[in-house]
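Inspection log for the structure reproduced underneath, given as structure tokens.
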Amino acid sequence: MTSAWITGFSLSLALIVAIGAQNAFVLRQGLRREHVGPIVLFCAAMDALLIAAGVAGLGGVIGAAPVLTTLLTWGGAAFLAAYGLRALWRARRPGALAAAGAGGLTRRQALSQVAAFTLLNPHVYLDTVLLVGSIGAQQAAAARPAFVLGAASASALWFSGLGYGARWLAPLFARPRAWQVLDLAIGATMLVLAAALLA
């Protein structure tokens, strides 16, 4: 049981610690200190749900439905491109970028955006459902719950650290120029991810 937990934890952590659309959004909201708790909870809960579904066999269903994969790819690419362009547009006006300034998101808007980053991104399904899920499905039946718990724990730890740890960077992001650089990086990352999905 312990080895299954460690396997799930280390595999999930290795896959999730990367610059991606969802992580960039969680970081930005953490820096702004807007709705961090609900966002972190949503991300961790969705990862746990998708990992459990993958271990239960959902990966095979998705792999056998190429139309669904195509729809997710095009929808995800369009969303990432639109968000990337918005981030680049924000970077043009650094005076409007302040951690606690006006123009923030409501809780509903923030959760809608993080849901889109999570559910419209085919890489989420590739990582959690197909890769982590298929490895988890190879565990002995009695060890699978421990594997899922380990993988979900890594996800919860990562998103909590990213969302709540962002406040340690607050002094750096007290300057509009830092927000400008962050939005340029986020915009470029989103556009590259969108292009990679289409390619």
(message) Here is a list: Gln109, Gln138. Which entry is out of contact with any Phe, Trp or Tyr (no Cβ under 6 Å at 6 or more places or on another chain), surrounded by fewer than 17 Cβ atoms within 10 Å (Cβ to Cβ), farther than 27 Å from Thr189 by Cβ and not small (Gly, Ala, Ser)?
(response) Gln138
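Determine if the range 160-168 includes at least one residue that is under 19 Å from Ala45 (Cβ atoms) and among the charged types (D, E, K, R). Spell out the reasoning first.
Filtering the range 160-168 down to residues under 19 Å from Ala45 (Cβ atoms) leaves 160-164.
Still in the running and among the charged types (D, E, K, R): none.
So far as the range 160-168 goes, no, none of its residues is under 19 Å from Ala45 (Cβ atoms) and among the charged types (D, E, K, R).
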(message) Where the second residue is assigned to a loop (DSSP other than H, G, I, E, B) and at pLDDT 80 or above and the first is under 18 Å from Gly20 (Cα atoms) and of a type in the set (Lys, Arg) and lies in the range 167-188, which pairs have Cβ atoms under 6 Å and are six or more apart or on separate chains?
(response) none
(request) Scan the helices (runs of 4 or more DSSP H) fully inside the range 32-102 and keep the ones with 1 or more residues being modelled with pLDDT of 85 or more. (result) 36-56, 66-91
(request) Working carefully through the options Phe159, Phe147, find the one that is in a helix (DSSP H, G or I) and within 24 Å of Leu80 (Cα to Cα). (result) Phe159
(message) What's the total number of residues in the range 1-15 that are closer than 10 Å to Phe147 by Cβ and either in a helix (DSSP H, G or I) or of a type in the set (D, E, K, R) (or both)?
(response) 9
(request) Just give me the residues in the range 141-176 being at pLDDT below 80, surrounded by fewer than 17 Cβ atoms within 10 Å (Cβ to Cβ) and of a type outside the set (A, V, I, L, M), in sequence order. (result) Pro171, Arg175, Pro176
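For the range 177-199, which residues satisfy the criterion of being of a type in the set (Gly, Ala, Ser), exposed (fewer than 15 other Cβ atoms within 10 Å of the Cβ) and in a helix (DSSP H, G or I)?
First, pick out the residues of the range 177-199 that are of a type in the set (Gly, Ala, Ser): 178, 185, 187-188, 194-196, 199.
Next, only the ones that are exposed (fewer than 15 other Cβ atoms within 10 Å of the Cβ) stay: 185, 188, 195-196, 199.
Scanning the range 177-199 gives Ala185, Ala188, Ala195, Ala196.
Residues are listed down the side, and each one gets a yes or a no for (1) at negative phi; (2) of a type outside the set (Gly, Ala, Ser); (3) without any contact (Cβ under 8 Å) to a residue 40 or more places away in the chain; (4) surrounded by fewer than 18 Cβ atoms within 10 Å (Cβ to Cβ):
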| position | (1), (2), (3), (4) |
| --- | --- |
| Trp5 | yes, yes, no, no |
| Asn23 | yes, yes, no, no |
| Val26 | yes, yes, no, no |
| Ile39 | yes, yes, no, no |
| Ala44 | yes, no, no, no |
| Asp47 | yes, yes, no, no |
| Gly57 | no, no, no, yes |
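Going through the range 7-18 one residue at a time, which ones are modelled with pLDDT of 80 or more and either more than 16 Å from Ala142 (Cβ to Cβ) or polar (S, T, N, Q) (or both)?
Those that are modelled with pLDDT of 80 or more and either more than 16 Å from Ala142 (Cβ to Cβ) or polar (S, T, N, Q) (or both): Thr7, Phe9, Ser10, Ser12.
Which is closer than 21 Å to Ala44 by Cα and free of Cβ contacts under 8 Å to residues at least 12 places away in the same chain, of Leu126, Leu157, Leu149, Leu130? First the steps, then the outcome.
Values: Leu157 fails: free of Cβ contacts under 8 Å to residues at least 12 places away in the same chain; Leu149 fails: free of Cβ contacts under 8 Å to residues at least 12 places away in the same chain; Leu130 fails: free of Cβ contacts under 8 Å to residues at least 12 places away in the same chain.
On inspection, the qualifying residue turns out to be Leu126.
The values are calculated or read from the model by the stated rules, or taken from the named source; none is laboratory data. Bear in mind that the values here come from a model prediction, so they are computed numbers and not experimental data. In this analysis, Cβ positions are derived from the backbone assuming ideal geometry, glycine residues included, and neighbour counts consider all displayed protein chains.
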